[in-house]
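Peer 1: Let me begin by handing over the structure; questions about it come next.
The values are calculated or read from the model by the stated rules, or taken from the named source; none is laboratory data. Being a predicted model, the structure only gives us computed values, none of them experimental. Note that we place each Cβ from the backbone using ideal geometry, even for glycine, and neighbour counts take in every protein chain shown.
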Amino acid sequence: MTAQREWLDKDYYAVLDVPRSATPKEITSAYRKLARQFHPDANPGNAAAEDRFKSISAAYEVVGDETRRREYDEIRAMAPMAGMRGAGAPGGDGVRLDQSDLADLLGNLFGRGQGGPTTGRPGGFSRGPQRGVDLEADLRLSFVDAIRGVTTSVNLVSEVTCPDCSGSGAAVGTMPRVCPDCRGRGVLDDNQGLFSFSRPCDACGGRGQVVDTPCPACSARGVVTRPRTVKVRLPEGVRDGQQIRLKGKGGPGQHNGPPGDLYVRVLVEPHGRFGRDGDHLTVTIPVSYPDAVLGANAKVPTIEGDTVTIRIPPGTPAGRTLRVRNRGITTASGRGDLLVTVDLVVPTELDTAQRSAVEQLRNAFNGVTSNSESGAL
C-alpha cells in the first residue's frame, strides 16, 4: 500500500469541497469547476490562485484515482485507532502522530521494503502514467436534426498537450533530465525508525524529472488551454438531455497516460408542430365539427415533409388520438408511430349562409333534446 505523510495531514475532500461519500463523477465535476476557477492561465500573476490550483490538482490525483483513494481513506481511517487527532476529531486541528503507538499499527504499511501496487519499484510509489480528466460540453440541436441524426461539431475550451514541447515541458531543442535527488521516482523516503513515509520530491515537485529550460508556451506544464473543435456523430433519435461519450477526446493524460473522455450533452430545441413521446412523434390536426360528426379523410404532415391520409371515424370527439404506425422516430430498437390528436375547430366568424345552417342544426338538436326530456318525464 502506498502512502504519504501529507495524506495524514491534509483533507483532500475538503480541498475539493466534496463529502467523503462523493461519487467519482461528483469528484471529477468539483475538480473541473475549481481547476477552471484557479487555473494559472485564468489568474495571471496571482500566486495565491496558483498555489490553490496546485493543491486542487494534488487532491484530485489522490481521490480522483480509485486505487489511491481507497488507500487514502484506509490510512486516514487508521488515525483514530492509533490515538491520532485530526480535523475530524474533537479538539483536533491537524494530525498529530504518536510514533510509539503507530509503530506496531503502521509498520507494515509504511515499510521501506514494500513497493506501490503500480510501480514495480521498491520503496514507495512513482508518478506513472495518469489518465486525463473527463470533460463535458453542451450541444444544441434542432428537433429535426435530433430525429434524423447528424454529424456536427462541438466547441469547447480545455487543456491540450502543448504543441511546442509535445507535453515534455522542456523548451524546443532540450529534454527533461531524470531528477538526481529521487532518481526519477518522484518521491523521497523519510525514515521514522520502524517505518517510513514517502513524500514528494522537493527538487522535482514529484514529477521525477527536472526541466532546466522550461517551454515558454506552457511554462513547463506540458499543457496549454485553448479553444478546440471536436466532431461528433449523433445517431438517429437522440433524446433531449442524452449524453454521448467520445472516447479519448477529454483532457490530456500525464506522463504518457491516455486522454480522458468527452461527454456531450444534447439539448434539443422544441419543434413548432411536432412533439415527442418516447419513440413516437406527436402532432395535432384541426378537424371541423361536420367532419368530426360525419367522418372524413384528413391529411397529416410527417417529419419527412410529406403527408399521410388518415380516416377520421364518425363521431370523433375533440382530443381523440389516432395512430399511424411506423411513421415515428427511428432508433436502434426500431421505429415508433405517429400519434395524431384531433383538435375540434370552432369557427368564430360566419357568413349568412353558414349562420343559417348552424341555426337550423341547433334547432334540430334542440328538438331532439326536448323530445328526449319529455320522454324522460
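Per-residue answers, yes or no, for (1) part of a loop (DSSP other than H, G, I, E, B); (2) surrounded by 14 or more Cβ atoms within 10 Å (Cβ to Cβ); (3) in contact (Cβ under 8 Å) with a residue 60 or more places away in the chain:
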residue	(1), (2), (3)
Leu188	no, yes, no
Ser198	no, yes, yes
Asp202	yes, no, no
Cys218	yes, yes, no
Arg226	no, no, yes
Glu236	yes, yes, yes
Gly272	yes, no, no
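Peer 1: Might you let me know whether segment 208-216 holds any residue that is out of contact with any Leu (no Cβ under 7 Å at 6 or more places or on another chain), at pLDDT below 85 and either surrounded by fewer than 21 Cβ atoms within 10 Å (Cβ to Cβ) or closer than 23 Å to Glu50 by Cβ (or both)?
Peer 2: Looking through segment 208-216, at least one residue is out of contact with any Leu (no Cβ under 7 Å at 6 or more places or on another chain), at pLDDT below 85 and either surrounded by fewer than 21 Cβ atoms within 10 Å (Cβ to Cβ) or closer than 23 Å to Glu50 by Cβ (or both).
Peer 1: Checking Val232 against (1) in contact with a Ser or Thr (Cβ under 7 Å, 6 or more places away or on another chain); (2) part of a loop (DSSP other than H, G, I, E, B); (3) of a type outside the set (Ser, Thr, Tyr), only one condition comes out false. Which one?
Peer 2: Val232 satisfies every listed condition except (2).
Peer 1: Which of (1) touching a residue at least 60 places away in the same chain (Cβ under 8 Å); (2) at negative phi; (3) assigned to a loop (DSSP other than H, G, I, E, B) does Thr174 not meet, given it meets every other one?
Peer 2: Evaluating Thr174 over (1) touching a residue at least 60 places away in the same chain (Cβ under 8 Å); (2) at negative phi; (3) assigned to a loop (DSSP other than H, G, I, E, B) leaves (1) as the failure.
Peer 1: I'd like to check something: does segment 246-255 contain any residue that is in contact with a helix residue (DSSP H, G or I) (Cβ under 9 Å, 6 or more places away or on another chain) and more than 30 Å from Arg32 (Cβ to Cβ)?
Peer 2: No, segment 246-255 has no match at all.
Peer 1: For residues that are in a loop (DSSP other than H, G, I, E, B) and among the basic types (Lys, Arg), tally how many sit in segment 128-144.
Peer 2: Qualifying residue count for the region: 1.
Peer 1: Here's another thing I want to ask about it. Show me the helices (runs of 4 or more DSSP H) found entirely inside segment 1-111 where at least 1 residues are at pLDDT 80 or above.
Peer 2: In segment 1-111, the matching helices (runs of 4 or more DSSP H) lie at 12-16, 24-38, 47-63, 66-77.
Peer 1: Then there's this: Of the numbered conditions (1) at pLDDT 95 or above; (2) closer than 23 Å to Arg148 by Cα; (3) of a type outside the set (D, E, K, R), Val342 satisfies every one except a single condition; which is it?
Peer 2: (2)
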